[in-house]
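Peer 1: Please find one structure pasted underneath; my questions will follow.
Derivation of every value follows stated rules applied to the coordinates shown; laboratory data play no part. Here the structure is a predicted model, which is why all the values come from computation and not from measurement. As a convention, Cβ positions derive from the backbone with ideal geometry for all residues, glycine included, and neighbour counts pool all protein chains shown.
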């Protein structure tokens, strides 16, 4: 096992008591209620079911919560800079340049009337002063970095001309060209086939190990998170049920120490090696949210 | 009080009727939150009331001529003044609301179902049926509505009924287009595949499953179109091809007032305002309905 | 007793225009069996299901259901034997129809009298409380919607159920409930299932035999035991199996 964070190094992101509220006509919907964690140069998984607040957490960090939502926190610090007191302009500049996000479906995140290459180059020029030629060269290099075989040809393609897996690589290239410190990946592989999924994960993995990036990997897939991440936060109803090293998720011996919700999630998955006539179902305890 | 709201807002209705009413009530709650839509509703309801109680509201007989009182400016006796034959303009506008409503209702009743059925059938069946029906639609769409209506009225002869027929003939193609576009999306859905799998006939699928989903956008389209229909009727009236004198029709009234427009502004202005307000009312109502009904 | 297979497919080919999406596919499913089809997107697995259901008519080859050869346009008797559950519970229920409407519709179409009793029974069978009967889809959760879709499929009391990724849009805890429900229904009613899924673990849990498809062809037919023993014969089936085990740093290399 590699070290998660060298203790001397300042964490990339510190988050204390994050809350996301939506003010609706029928009352306040509390999507995230008091989440705290720190992120180092590691792969941090956030796993939960729909409505657990996992996606809202990612969006809240980037200040992308739509109206009528509000983000509250006791502390939200990126490398010593307080994001809560920062003015909107500086925060916007931070977004994309230092903290980026990859969404689930590349089809909805790419502009259909611009070639993918132009979009990557554009992303680069927003944050760096560069000539068109330099931006193009950087973009092609970036496409190569995300394992696209003919980057020069792919640069000229429109989004509808690339496959789902290729589109997601393009998205990652676009998010990474500014060389962010933190990448938030919200279900980046859920829309993809399993074999393609692994290739994308490989790219993300390399980025963490080689560039020392911090990755927040949001997913509903416990197996995937367990096999891919260093640490995992299990969320339910807007709260963290527990935070644990990913290796302990699979560790049968450590089961007794697990939160009942985590155990419930693990138990209701069909398993090739342990066939059972009837799958366990999850009973939710209201006390978890108290 | 609380008992009937409970009845309407419950999560678990106990009958079909309660479920439908509950659905309507939720839509009403959403509608109520939009002040512009409410304004539209108020105008339309006011139009209905004015038309219904015209004899009670109008201070004078709208047809009674009095040449001694020609072209009087607005006053306490004649709120909106009098026209060139000495008739009270206010009373004529009040009675004109009836004419306007009759036109609008007749057109809507004839156009909505026809457009809906042609569009939904065309979209669901596709193939040569679709091609044939859509080419016919295109032919009608190719002419400006007023010009086409003019041609029909010229052929049929002037008069209110013929104006309604002419407007109806020219008004259905956009409805068919809207219904077809909706149907093309709807027929790809799994819930339509599920009914097909149950062995439903094509007629049943179109009528019971596709049409109810096209209905909201058509109702909205209709209310938005009301303004256009009123204006077309007014246009025909203005050209002397719609309602014939002495029927108090707003368009014809403007037309009659155009000779005095510089000296006796009130003759043309008040019917113009009436058209304006009613058209706006239907527009606002339509917008509000769209917001409420289109949420799926 | 009949010895006819429930479903027999012989040399099925499906084309959409120039795209040849299913190529020479043959398999048979015995009555009471649960048969899985796995593959990645574009493998043609869902198309096979839609052709079997009669929703797609651009095919050639032979399809026999319970020993009876099927024409392109199916008759009412077919629909009483074969029903389908779709992937997306948000798209498979008519947004303007209550649960009651959805369940009553097939009964009306087939002129079945005891609708009241049958609707009640169908709802009870899938674990929906009677208070849900007059709810609209937007008042139901994803799992509840999928239960309605299953009830709708069962209300005609078919013998064959076609399941197109019935749980892939659901949370894992809800998935477990729906899979348990499907298992229980199958035992009670001796149903025949064809389950299409991209999830090998789900297919292994639900089916006795399965077919791996790639690019419109059947690559390998195997038993669930073979899958669990990690002993598929073909390279592609092996690859799928490995990929489904999750991320392993050393294996996740990109094939050249």
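Peer 1: Using just the alpha carbons, could you tell me how many Å³ per residue the convex hull of region C:7-244 encloses?
Peer 2: So the per-residue Cα hull volume is 125 Å³.
Peer 1: Report the percentage of all Cα-Cα pairs in region B:228-284 whose separation exceeds 16 Å, rounded to a whole percent.
Peer 2: 40 percent
Peer 1: Cβ neighbours within 10 Å, averaged per peptide: list A:213-225, A:255-267 in order, most packed at the top.
Peer 2: Going by the mean number of other Cβ atoms within 10 Å, highest first, we get A:213-225, A:255-267.
Peer 1: Can you tell me the convex hull volume per residue for the protein assembly as shown, based on C-alpha atoms, in Å³ to the nearest whole number?
Peer 2: Cα convex hull per residue, to the nearest whole number: 232 Å³.
Peer 1: Only Cα pairs within less than 10 Å get springs; with that Gaussian network setup on chain B, which residue of B:270, B:143, B:152 has the largest fluctuation?
Peer 2: B:143
Peer 1: Turning to a different aspect of this structure: Mind checking which of A:206, A:251, A:105 has the largest fluctuation in a GNM of chain A, springs on alpha carbons under 10 Å?
Peer 2: Result: A:251 has the largest fluctuation of those listed.
Peer 1: Hey, got the average number of other protein chain Cβ atoms within 10 angstrom for residues in C:146-157?
Peer 2: 1
Peer 1: Return the Rg/Rh ratio of chain A with Cα-based radii and a Kirkwood Rh.
Peer 2: Radius of gyration over Kirkwood radius for chain A works out to 0.98.
Peer 1: If one takes the longest principal axis of the Cα atoms in chain A, at what angle in degrees, from 0 to 90 and to the nearest 10, does the Cα axis of helix A:164-176 lie?
Peer 2: 80 degrees
Peer 1: Below 8 Å between Cα atoms, with a sequence gap of 6+, how large is the relative contact order for chain B in percent?
Peer 2: 24 percent
Peer 1: As an exercise, find the ratio Rg/Rh for region A:79-182 from alpha-carbon atoms, using the Kirkwood inverse-distance average for Rh.
Peer 2: 1.00
Peer 1: Among DSSP beta bridges whose residues both lie in region C:7-244, state the antiparallel percentage, nearest 5.
Peer 2: In region C:7-244, DSSP labels about 55 percent of beta bridges as antiparallel.
Peer 1: Checking the a/c ratio against 1.5 first, then a/b against b/c, what shape does the Cα gyration tensor give for region B:55-193?
Peer 2: Prolate, because a/c is 1.5 or more and a/b exceeds b/c.
Peer 1: Could you tell me, in Å, what Rg and Dmax come out for the Cα atoms of region C:4-76?
Peer 2: Gyration radius and largest Cα-Cα distance of region C:4-76: 12.0, 37 Å.
Peer 1: Rank-order A:14-22, A:87-95 by packing density, defined as the average count of other C-beta atoms within 10 Å over each peptide's residues, highest first.
Peer 2: Ranking the peptides A:14-22, A:87-95 by packing returns A:14-22, A:87-95.
Peer 1: Just counting partner chain Cβ atoms within 10 Å, what average do the residues of peptide A:242-253 show around their Cβ?
Peer 2: 0
Peer 1: Ok, one more. Mind checking the mean number of beta-carbon atoms from other chains within 10 Å of the Cβ atoms in C:166-174?
Peer 2: 5
Peer 1: Out of the DSSP beta bridges found with both residues in the protein assembly as shown, what percent are antiparallel (nearest 5)?
Peer 2: The answer is about 55 percent antiparallel.
Peer 1: Using only Cα atoms and rounding to the nearest 10 degrees, what angle (0 to 90) does helix A:88-97 make with the longest principal axis of chain A?
Peer 2: 80 degrees
Peer 1: Evaluate region A:241-290: find the radius of gyration of its Cα atoms, find its Kirkwood radius, and give the ratio Rg to Rh.
Peer 2: Rg/Rh for region A:241-290 comes to 0.99.
Peer 1: Note down the relative contact order for chain C as a percent, whole number, built from C-alpha pairs under 8 angstrom at least six residues apart.
Peer 2: 26 percent
Peer 1: What number results when the radius of gyration of chain B, computed over Cα atoms, is divided by 2.2 N^0.38 Å?
Peer 2: So chain B has a normalised radius of gyration of 1.19.
Peer 1: With the alpha-carbon atoms as the only input, what is the per residue convex hull volume for region B:139-249 in Å³?
Peer 2: 117 Å³
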